[in-house]
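Undergrad: Take this structure first; my questions come after.
The values are calculated or read from the model by the stated rules, or taken from the named source; none is laboratory data. Only a predicted model underlies this, so the values are computations on that prediction, with no experimental measurement involved. Don't worry about glycine lacking a Cβ; one is built from the backbone with ideal geometry, like all the others, and counts go over all protein chains shown. Heavy atoms of the whole protein, side chains included, go into the accessibility calculation; ligands, DNA and RNA do not. Shrake-Rupley method; radii C 1.70, N 1.55, O 1.52, S 1.80 Å.
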Amino acid sequence: MSLVVFGSANADFVFSLPQLPAPGETVLGEAGAAIPGGKGLNQAIAAARAGAVTRFCGAVGADAHGAMLRATLMEAGVDISGLAEVSAPTAMAAVMVDGQGRNQIAVSSGANRLARAGAVPVTPGGLVLLQMEVPVAENAALIARARAGGMRVVLNLAPAAALPGLPDILVVNEPEAAFLAGLHGCGADAASLHAALGCIVARTLGEAGAELAGPGLALHCPGFPVAVADTVGAGDAWCGALAAGLLAGLDWAAVLRRANAAGALACTRMGAWSADARAISALAG
């Protein structure tokens, strides 16, 4: 089986700042050259590095940033046959990180608005991983088509929004869970969201690890303490490792443990970075 990731690809500009700016405030800091980013791209690379055969479907512009993103995906061993080149410029993100590793991110969506679900092949028994940085209508169409075609659908509801469709597995962090709880009038824990929605729900808890609820499932897996450089991309590394674990046929306890290890390791370096399968295994045990 293989994994298809449908989502965003950005050129990220990371700013190291003494503190995150308040509304109307200018904060001076340092930034380097553009680096690869976007939740879709990050998760595709994380899944490939964690051992999954991975294809990425999305859109980039016919520009230097698009060429950089294509090369990055190829270097990671990701199949980019579903990555379209479009007339809009490649998406860009400004990522601000303070001295405690906290971040704020602003995104210019650009080519991501032209990502089309029709480029995603539906393979019975396969797995598709989505996020919320491409058009909602495209996600909705893909969820319906993939589930009808016998694929398992994993949706990372980031950034938070109303569900575009019901996935098999929903991944949320604490703010995203709280947003959904407000919409559905339920608790923000995984068990309450599962009861309200009906799908398997995985809720990440930062340094406290992650919890999961589903039919006959109620798990909590603690996190791994690490020295944090920043938290950019930690959730993406978590999702990629989750998908790789599912494709490998691991049980849920092992899947969560490896995902937590991948998320923790992503915090040990600046920018969106993901560990390989060997490093994940070494930490996860």
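Undergrad: Being surrounded by 18 or more Cβ atoms within 10 Å (Cβ to Cβ), assigned to a helix (DSSP H, G or I) and of a type in the set (A, V, I, L, M, F, W, C) is the filter here, so list the residues in the stretch 200-242 that pass it.
TA: If the condition is that a residue be surrounded by 18 or more Cβ atoms within 10 Å (Cβ to Cβ), assigned to a helix (DSSP H, G or I) and of a type in the set (A, V, I, L, M, F, W, C), then Ala234, Ala237, Trp238, Cys239, Ala241, Leu242 are the ones that fit.
Undergrad: Next question. Being open to solvent by 40 Å² or more (accessible area, probe 1.4 Å) and not charged (D, E, K, R) is the filter here; which residues of the stretch 260-285 pass it? Break it down into steps so the answer makes sense when it comes.
TA: Pass one, the stretch 260-285, residues open to solvent by 40 Å² or more (accessible area, probe 1.4 Å): 268-270, 273, 276, 278, 281-283, 285.
Hits for the stretch 260-285 are Thr268, Met270, Trp273, Ser281, Ala282, Leu283, Gly285.
Undergrad: Taking the stretch 146-172, which residues are surrounded by fewer than 20 Cβ atoms within 10 Å (Cβ to Cβ), part of a helix (DSSP H, G or I) and touching a Gly at 6+ places or on another chain (Cβ under 9 Å)?
TA: Arg147
Undergrad: (1) over 26 Å from Val153 (Cα atoms); (2) open to solvent by 30 Å² or more (accessible area, probe 1.4 Å); (3) touching a residue at least 40 places away in the same chain (Cβ under 8 Å); (4) not aromatic (Phe, Trp, Tyr): which one isn't true of Ala11, the others all being true?
TA: The number of the failed condition is (2).
Undergrad: What tally of residues in the stretch 211-233 results from selecting those that are of a type in the set (Ser, Thr, Tyr) and over 19 Å from the mean Cα position of the chain (by Cα)? Walk me through it before giving the result.
TA: Quick first cut of the stretch 211-233, residues of a type in the set (Ser, Thr, Tyr) only: 231.
Filter once more, keeping what is over 19 Å from the mean Cα position of the chain (by Cα): none.
The number of residues fulfilling the criteria is 0.
Undergrad: Assuming Arg257 fulfils every condition listed in (1) of a type outside the set (Ser, Thr, Tyr); (2) free of Cβ contacts under 8 Å to residues at least 60 places away in the same chain; (3) assigned to a loop (DSSP other than H, G, I, E, B); (4) open to solvent by 40 Å² or more (accessible area, probe 1.4 Å) apart from one, which condition is it?
TA: The number of the failed condition is (3).
Undergrad: If a residue has to be open to solvent by 70 Å² or more (accessible area, probe 1.4 Å), more than 22 Å from Pro23 (Cβ to Cβ) and of a type in the set (D, E, K, R) to count, how many in the stretch 79-108 make the cut?
TA: 1
Undergrad: Quick one: how many residues across the stretch 14-44 are part of a loop (DSSP other than H, G, I, E, B) and crowded, with 24+ Cβ neighbours inside 10 Å?
TA: First, pick out the residues of the stretch 14-44 that are part of a loop (DSSP other than H, G, I, E, B): 17-29, 32-34, 38.
Restricting the remaining residues to those that are crowded, with 24+ Cβ neighbours inside 10 Å gives 38.
Total satisfying the criteria: 1.
Undergrad: For the stretch 45-65, what are the residues that are basic (Lys, Arg) and either modelled with pLDDT under 95 or not in a strand (DSSP E or B) (or both)?
TA: Result: Arg49, single match.
Undergrad: Being closer than 20 Å to Val154 by Cβ, β-branched (Val, Ile, Thr) and touching a Ser or Thr at 6+ places or on another chain (Cβ under 9 Å) is true for just one of Val171, Val255, Val226. Which residue is that? Walk me through how you get there before you give the answer.
TA: Values: Val255 fails: touching a Ser or Thr at 6+ places or on another chain (Cβ under 9 Å); Val226 fails: closer than 20 Å to Val154 by Cβ.
Unique residue meeting the criteria: Val171.
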